[in-house]
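To start, the structure itself, in structure tokens.
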Number of protein chains: 2
Amino acid sequence: MRFRTEQRLDDDVAERGFTLGDIPGTLWTPGSATAPVPLILLGHPGGLDRMYPRLLARARSAVAQGYAAATIELPGAGDRPRSPAADQARADLRRVLAAGEPVDDGIVDRLVLPLVDAAVPEWQALLDALPALPGIGGPVGYSGGVISIGVRLGVVEPRITAALLYAGSFVPRAIVDQARRFTIPVQVLLQWDDEWNDRQMALDLFDALGSGEKTLHANMGGHTGVPAFEADEANRFFARHLR
Amino acid sequence: MRFRTEQRLDDDVAERGFTLGDIPGTLWTPGSATAPVPLILLGHPGGLDRMYPRLLARARSAVAQGYAAATIELPGAGDRPRSPAADQARADLRRVLAAGEPVDDGIVDRLVLPLVDAAVPEWQALLDALPALPGIGGPVGYSGGVISIGVRLGVVEPRITAALLYAGSFVPRAIVDQARRFTIPVQVLLQWDDEWNDRQMALDLFDALGSGEKTLHANMGGHTGVPAFEADEANRFFARHLR
């Protein structure tokens with residue numbers, strides 16, 4: 001991990017850009033470091049530059065609650081090499097959705113499974129690198145992003161203590177099957193009227209999660225209309241599990 | 001409305017027992033009255049004496065948040081005259097559930113619809129009587145109890161501003177149909193693994209609610225295992241809508 005940029009934001013948040021191998025990422029920590037703080041990994045749908053305003057808002061909120069926050073670019077997104085197969089699957093999905101046709105499992109598998117397979121080891125590599133830094137220590141949470149990545153990560157990565165998952169993307173059946181081995185505390189956010197998602201599949205995934213403590217928050221407002229109060233709900237979830 | 005008993009509890013909560021016609025009820029208000037406070041109606045499954053510890057805990061929480069709280073006995077419950085037809089329907093439902101058989105609509109209709117028809121006008125009579133008291137004023141919330149009563153009340157009673165509903169009982173299809181005319185802000189609590197409920201019917205009811213702002217909180221823990229943190233979630237829901 002090599003740090004490339006560093007700046008102090010106005011509310012005493014230190015923001016550092018880094019590369020992990022050839023993967024760009026960003027780390028936010030309390031500007032006035034005291035004892036080591038727990039870490040929250042910030043998931044996203046890909047495209048760090050495009051997502052920056054929302055990621056920064058979530059990172060500021062995390063730091064204000066006493067955590068560090070970190071994220072890395074997804075495979076095939078932002079400035080990373082594209083995946084022609086994923087681009088084709090994404091185009092197919094958009095065409096099917098625009099035509100109002102049913103989404104078949106094949107498209108979802110082609111789009112999501114290679115992404116999960118490529119991304120999860122990268123987030124694990126981030127976890128290898130980050131806790132070695134001064135100022136970061138304790139439990140690790142995962143928040144948001146492509147839900148299939150969050151599920152796989154929660155299954156294979158014992159360093160993650162709790163996960164806040166956003167059920168806002170199509171889920172391969174292989175991930176639903178794998179969810180039975182997901183056992184950490186989890187809160188799942190679902191937009192009930194999400195125009196770009198399959199509600200029943202999201203409910204099937206929630207049902208399949210093997211966690212003894214699992215909570216579903218469903219709201220109205222469409223794919224991009226998550227109510228503002230869910231930011232506080234996220235903070236309270238992590239406060240229960242990362243302290 | 002005639003007040004029968006009055007006591008000051010140790011945390012400055014005034015508790016008054018009353019009768020409304022021949023219906024027993026309880027009112028909890030801040031002991032040190034200041035400006036009029038909003039009212040939360042506390043729903044329950046019937047049996048005020050049996051439910052008293054849980055109702056008192058909810059009432060204390062409401063008063064601590066700056067509300068008054070009130071409840072009345074349900075028709076056919078507690079010391080009120082039994083309904084032989086409802087008792088028969090309840091016995092039929094228990095037998096079917098114990099045998100692991102599917103619950104047919106007829107049993108649910110016989111058990112719930114007469115209860116809703118009888119109870120809703122009584123809660124409306126409570127609303128006629130209570131806001132005339134000094135110390136109570138402003139918006140009214142409804143919380144908990146038999147969800148079909150809460151839905152009907154939210155549809156027919158414009159004085160209710162927001163409702164927190166507990167999806168913990170079987171729902172007649174007629175109530176699901178009526179739910180489309182339910183438009184106030186609502187938060188629905190569902191125990192995902194409720195052994196005494198039909199999860200799909202609860203989800204159908206949530207889907208049918210016509211509210212622009214509706215939130216579902218689903219948790220694990222079985223019928224009686226609602227997590228303690230949902231008490232705070234209820235407070236925050238009412239703080240958003242009764243202030």
Whichever residue in segment A:31-42 is under 20 Å from A:Y142 (Cβ atoms) and out of contact with any Ser or Thr (no Cβ under 6 Å at 6 or more places or on another chain) and, among such residues, is surrounded by the most Cβ atoms within 10 Å (Cβ to Cβ): A:L39
Does at least one position in segment A:134-145 carry a residue that is polar (S, T, N, Q), closer than 22 Å to A:Q191 by Cα and without any contact (Cβ under 8 Å) to a residue 40 or more places away in the chain? no
Any residue in segment B:9-26 that is free of Cβ contacts under 8 Å to residues at least 60 places away in the same chain sitting within a Cβ distance under 6 Å of a residue that is assigned to a strand (DSSP E or B) and buried (at least 17 other Cβ atoms within 10 Å of the Cβ)? List the pairs, counting only those 6 or more apart or interchain. B:L9/B:E15; B:V13/B:W28; B:A14/B:T29; B:E15/B:W28; B:R16/B:L27; B:G17/B:T26; B:F18/B:G25; B:T26/B:T71
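Here's the yes/no breakdown for (1) surrounded by fewer than 24 Cβ atoms within 10 Å (Cβ to Cβ); (2) on the phi > 0 side of the Ramachandran plot:
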position: B:P134; (1), (2): yes, no
position: B:G138; (1), (2): yes, yes
position: B:G141; (1), (2): no, no
position: B:R181; (1), (2): yes, no
position: B:A202; (1), (2): no, no
position: B:S211; (1), (2): yes, no
position: B:M220; (1), (2): yes, no
position: B:G225; (1), (2): yes, no
position: B:R243; (1), (2): yes, no
Just one of the numbered conditions (1) closer than 19 Å to B:H217 by Cα; (2) modelled with pLDDT under 95; (3) surrounded by fewer than 20 Cβ atoms within 10 Å (Cβ to Cβ) is not true of A:D193; which one? (2)
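Residue-wise test of (1) under 24 Å from B:Y67 (Cα atoms); (2) modelled with pLDDT of 95 or more.
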| site | (1), (2) |
| --- | --- |
| B:A202 | no, yes |
| B:F206 | no, yes |
| B:T215 | yes, yes |
| B:G221 | no, yes |
| B:A228 | yes, no |
| B:D232 | yes, no |
| B:F237 | yes, yes |
| B:R240 | yes, yes |
Which is of a type in the set (A, V, I, L, M) and touching a residue at least 24 places away in the same chain (Cβ under 8 Å), of B:L209, B:L203? B:L209
Any idea which of (1) in contact with a Lys or Arg (Cβ under 7 Å, 6 or more places away or on another chain); (2) farther than 30 Å from B:R90 by Cα; (3) assigned to a helix (DSSP H, G or I) is the one B:A129 doesn't satisfy? (1)
Out of contact with any Cys (no Cβ under 6 Å at 6 or more places or on another chain) and either part of a loop (DSSP other than H, G, I, E, B) or within 12 Å of chain A (Cβ to nearest Cβ) (or both): is that true of B:G141 in this structure? no
Residues of segment B:88-112 being free of Cβ contacts under 8 Å to residues at least 12 places away in the same chain and among the acidic types (D, E), which ones? B:E101, B:D104
Taking the options B:R82, B:R2, name whichever one is free of Cβ contacts under 8 Å to residues at least 12 places away in the same chain and farther than 21 Å from B:A162 by Cβ. B:R82
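Please specify each residue of segment A:143-159 satisfying the condition of being crowded, with 19+ Cβ neighbours inside 10 Å, at pLDDT 95 or above and either within 15 Å of A:A69 (Cβ to Cβ) or in contact with a Phe, Trp or Tyr (Cβ under 8 Å, 6 or more places away or on another chain) (or both). Please lay out each step first, then the result.
Let us first name the residues in segment A:143-159 that are crowded, with 19+ Cβ neighbours inside 10 Å, namely A:143-155.
Among the residues that remain, those that are also at pLDDT 95 or above are: A:143, A:146-155.
A:S143, A:I147, A:I149, A:G150, A:V151, A:L153, A:G154, A:V155, listed by residue number.
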How about segment B:169-179: which of its residues are free of Cβ contacts under 8 Å to residues at least 60 places away in the same chain and surrounded by fewer than 17 Cβ atoms within 10 Å (Cβ to Cβ)? B:D177
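I want to confirm something. Restricting to segment A:53-77 and keeping residues that are assigned to a helix (DSSP H, G or I) and small (G, A, S), which single residue is surrounded by the most Cβ atoms within 10 Å (Cβ to Cβ)?
Filtering segment A:53-77 for residues that are assigned to a helix (DSSP H, G or I) and small (G, A, S), the one surrounded by the most Cβ atoms within 10 Å (Cβ to Cβ) comes out as A:A62.
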I need the full set of residues from segment B:104-123 which are closer than 20 Å to B:R80 by Cβ and surrounded by 15 or more Cβ atoms within 10 Å (Cβ to Cβ), in order please. B:R110, B:L111, B:V112, B:L113, B:P114, B:L115, B:V116, B:A118, B:A119, B:V120, B:E122, B:W123
What single numbered condition from (1) small (G, A, S); (2) within 21 Å of A:W196 (Cβ to Cβ); (3) under 16 Å from the mean Cα position of the chain (by Cα) fails to hold for A:A70? (2)
Residue under question is B:D49, and the condition is that it be over 25 Å from B:D87 (Cβ atoms), more than 14 Å from the chain's Cα centre (by Cα), of a type in the set (D, E, K, R) and not in a strand (DSSP E or B); does it hold? no
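Across segment A:58-117, what is the total count of residues that are over 30 Å from A:V13 (Cα atoms) and hydrophobic (A, V, I, L, M, F, W, C)?
Result for segment A:58-117: 17.
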Say whether the condition of being within 13 Å of the chain's Cα centre (by Cα), over 12 Å from B:L39 (Cα atoms) and not in a helix (DSSP H, G or I) is met by at least one residue in segment B:117-125. no
Just to be sure before I move on: is A:L97 over 15 Å from A:G43 (Cα atoms), among the hydrophobic types (A, V, I, L, M, F, W, C) and surrounded by 19 or more Cβ atoms within 10 Å (Cβ to Cβ) in the structure I sent? no
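The values are calculated or read from the model by the stated rules, or taken from the named source; none is laboratory data. In this text, all values refer to a predicted model and were calculated from it rather than measured experimentally. Note that each Cβ is placed from the backbone with ideal geometry, even for glycine, and that neighbours are counted across all protein chains shown.
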